[in-house]
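Structure, as structure tokens:
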Amino acid sequence: MTMTDAYVHYSVSDQVATIEFYTPQHNSLPAAVLSQLADTIRRAGQDESARVIVLRSAGNKTFCAGASFDELMAIESEEKGLTFFSGFARVINAMRTCPKFIVGRVQGKAIGGGVGLACSCDYVFATEQAEIKLSELAVGIGPFVVGPAVERKIGTTAAYELAIDAGSFRSARWAQSRGMYASVAATEEEMDKSMDQLVAVLAKSSAEAMREIKTIFWKGTENWDQLLSERAAISGRLILSDYSKTFLQQFKGKNK
């Protein structure tokens, strides 16, 4: 995968900042895209022309498939593993500390790190196609970096259920019932109509009040810079195991 295939786009209209990302492998995230996402979220947070942020991906089948398997296969040391997984940590921390509400648009499946992205949004609209799965255990690692965001959003019991049953998808309605999605629509058109209505209201709301609300509701996460770095180190170590290497090789063979 090259950055000419993938992108992170940023635009502002009527005080709404839109961040859209895309990669050809089901919107899975290589290090370069993770870095761009984190930088763009921080940019949006400081952009005085925007009051609210929409985070979305391109396409209609998968919101985000999590980590790039090509890059996981290329990890050859704990240091490189830490560096890669720290990319997810930086994105989540950028979302957490952003002074503006981030509204997520989840049009399709969210897997692994994609679940973490959705759970790090402040409010999420989804379609009935937006099934979720934490697939990390199947790869031989675990949802260590995204785990705090997932647990904060849906609770320990539901997060643990997802982490253990790594091979099964949960429906969008299941995710909604646990608080991950605020709204689930039958179609993208219906989802976008509802999202646009809320975003238009937020774009005219008090920036100071929204900033204070977000600060209050994210209270207790101040240690995440260190916590997520420690979690990234665990994933960076486990991805070097024989189990993970065998899984990734078999996965690549099936998808040639």
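The values are calculated or read from the model by the stated rules, or taken from the named source; none is laboratory data. The structure presented is a predicted model; accordingly, all values stated were derived computationally and were not measured. Here the Cβ is made from the backbone with ideal geometry for all residues, glycine too, and neighbour counts use every protein chain on show.
How about the stretch 223-256: which of its residues are at pLDDT below 95 and more than 19 Å from S135 (Cβ to Cβ)? Scanning the stretch 223-256 gives a single hit, K256. Is it true that some residue in the stretch 109-131 is assigned to a helix (DSSP H, G or I) and aromatic (F, W, Y)? There is no residue in the stretch 109-131 that is assigned to a helix (DSSP H, G or I) and aromatic (F, W, Y).
Taking the criterion of being among the small types (G, A, S), part of a helix (DSSP H, G or I) and under 21 Å from R56 (Cα atoms), the only residue of the stretch 195-219 that qualifies is A200.
Scanning the stretch 11-39 for residues being more than 26 Å from K133 (Cα to Cα) and either crowded, with 23+ Cβ neighbours inside 10 Å or in contact with a Lys or Arg (Cβ under 7 Å, 6 or more places away or on another chain) (or both) gives a total of 2. For first residues located in the stretch 196-207 and hydrophobic (A, V, I, L, M, F, W, C), partners that are at pLDDT 95 or above and exposed (fewer than 15 other Cβ atoms within 10 Å of the Cβ) and lie 6+ apart or on another chain with Cβ distances below 7 Å form the pairs A203/D14.
Filtered by the rule that a residue be of a type in the set (S, T, N, Q), in a strand (DSSP E or B) and under 17 Å from the mean Cα position of the chain (by Cα), the stretch 3-42 gives a lone residue, T18. Please work out if G59 is of a type outside the set (S, T, Y), assigned to a helix (DSSP H, G or I) and free of Cβ contacts under 8 Å to residues at least 60 places away in the same chain. Spelling it out, it is not the case that G59 is of a type outside the set (S, T, Y), assigned to a helix (DSSP H, G or I) and free of Cβ contacts under 8 Å to residues at least 60 places away in the same chain. Could you run through the stretch 150-175 and say how many residues are in a loop (DSSP other than H, G, I, E, B) and within 19 Å of V106 (Cα to Cα)? So the count comes out to 3.
Taken residue by residue, the stretch 183-194 has at least one member that is within 20 Å of L117 (Cβ to Cβ), acidic (D, E) and either part of a helix (DSSP H, G or I) or in contact with a Cys (Cβ under 9 Å, 6 or more places away or on another chain) (or both). Figure legend. Inter-residue proximity from the stretch 127-154: first residues free of Cβ contacts under 8 Å to residues at least 60 places away in the same chain, second residues hydroxyl-bearing (S, T, Y) and assigned to a helix (DSSP H, G or I), beta-carbon distance below 6 Å, spacing 6+ or different chains. Indicated pairs: A149/S120. Could you tell me whether any residue of the stretch 78-90 is surrounded by fewer than 24 Cβ atoms within 10 Å (Cβ to Cβ), at pLDDT 95 or above, charged (D, E, K, R) and closer than 25 Å to S183 by Cβ? No.
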